[in-house]
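Written below as structure tokens is the structure these notes are about.
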Amino acid sequence: MSEQVKIGVIGGTGLYSLDGMEIKGEVFPVTPWGKPSDSITIGKFKGKEIAFLPRHGRGHFLNPSEVPSQANIAALKSLGVEEIIAFSSVGSLREEIHPLDFVLPSQIIDRTKSRSATYFENGVVGHAPFADPFSSSLASKVEKAASAIHLNIHKNKTLICMEGPLFSTRAESHMYRSWGGDIINMTVLPEAKLAREAEILYQMVCMSTDYDCWKEDEAHVTLEMVLGNLSKNAETAKRLLAELIDHLGNSDDKSLQGSTKFSIVTAPEKQNRDQIQKLKFLFPNYF
């Protein structure tokens, strides 16, 4: 089964499967970086196998800084996943991005502080390029799927990733706008970085729930507001994903394959053997 699961979906609350999907079972892989956020549901939809991973765990018991992203990406890699579509709720930093709008970011500004963000540490150093943090080929597929269901989607936006779990101060929100930020969340990093290191194509689909706190003529961001819009967005996300599956699982984008091997800079005689053993879980043919 693991060799056939090429499609990975990382979802938030309410996005654990698709209507009409055949559930084939659940797996809970143990990785050298621990266990993923929760068990991974393996399902079959339109003849394709999909691995669904709940980022915060079912019932949302992990805060953004507690999400075991290293284990999550490693677990998906171990199942054979080659493409990840990640859904996330975001706050809007722009008037034209309304609550309930969907957004495809193309850039990230990192404001996180305390998260393990790489597989290359502890005596094995690698420097993978990250100039374009998302997959342009996956973004194009999401655009096609959105068009097919008549979903307007904002493109080429900059996503701020903050630490959380508290929302921004008003001063921070205005600062992020001055930097060119369009939307803000707490979860794209280190997820996107680790997917890049693992040579998995990755695209986040963002779902606006609120105007953050910069827009002073709007009500302050509350959990009740966010949860209400989150539920509506989850239903739209399911429709989008059901259409998107047609375009996934047979990618001809091989741009990342083999790329991480050439990012390793540590001399072989200096490499920590314990770390090499961990990395073999991701790259059994590299070491």
Worksheet item: Would region 231-254 turn up any residue that is of a type in the set (S, T, N, Q) and over 23 Å from the mean Cα position of the chain (by Cα)?
Response: no
Worksheet item: How many residues are out of contact with any Ser or Thr (no Cβ under 6 Å at 6 or more places or on another chain), buried (at least 16 other Cβ atoms within 10 Å of the Cβ) and outside any strand (DSSP E or B) if we restrict to region 18-29?
Response: 2
Worksheet item: Out of the residues in region 30-45 that are open to solvent by less than 20 Å² (accessible area, probe 1.4 Å) and not polar (S, T, N, Q), which is farthest from residue 277 (Cα to Cα)?
Response: 43
Item to complete: Report yes if residue 210 is modelled with pLDDT of 95 or more, in contact with a Pro (Cβ under 8 Å, 6 or more places away or on another chain), of a type in the set (Asp, Glu) and crowded, with 19+ Cβ neighbours inside 10 Å, otherwise no.
Response: no
Discussion item. If I filter region 46-59 for residues that are within 17 Å of residue 209 (Cα to Cα) and surrounded by fewer than 16 Cβ atoms within 10 Å (Cβ to Cβ), do I get at least one hit?
Written reply: no
Practice prompt. Working carefully through the options 90, 67, 30, find the one that is without any contact (Cβ under 8 Å) to a residue 12 or more places away in the chain and within 25 Å of residue 118 (Cβ to Cβ).
Written response: 30
Fill in: Answer residue from region 269-286, given it is open to solvent by 70 Å² or more (accessible area, probe 1.4 Å) and not in a helix (DSSP H, G or I) and is nearest to residue 80 (Cα to Cα) among those
284
Discussion item. Restricting to region 190-203, name every residue that is surrounded by 24 or more Cβ atoms within 10 Å (Cβ to Cβ), assigned to a helix (DSSP H, G or I) and not charged (D, E, K, R).
Written reply: 192, 194, 195
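The values are calculated or read from the model by the stated rules, or taken from the named source; none is laboratory data. Source: prediction; values computed, not measured. Using ideal geometry, Cβ is built from the backbone for each residue, glycine included, and neighbour counts are taken over all protein chains shown. Accessible surface areas use protein heavy atoms only, side chains included; no ligands, DNA or RNA. Shrake-Rupley method; radii C 1.70, N 1.55, O 1.52, S 1.80 Å.
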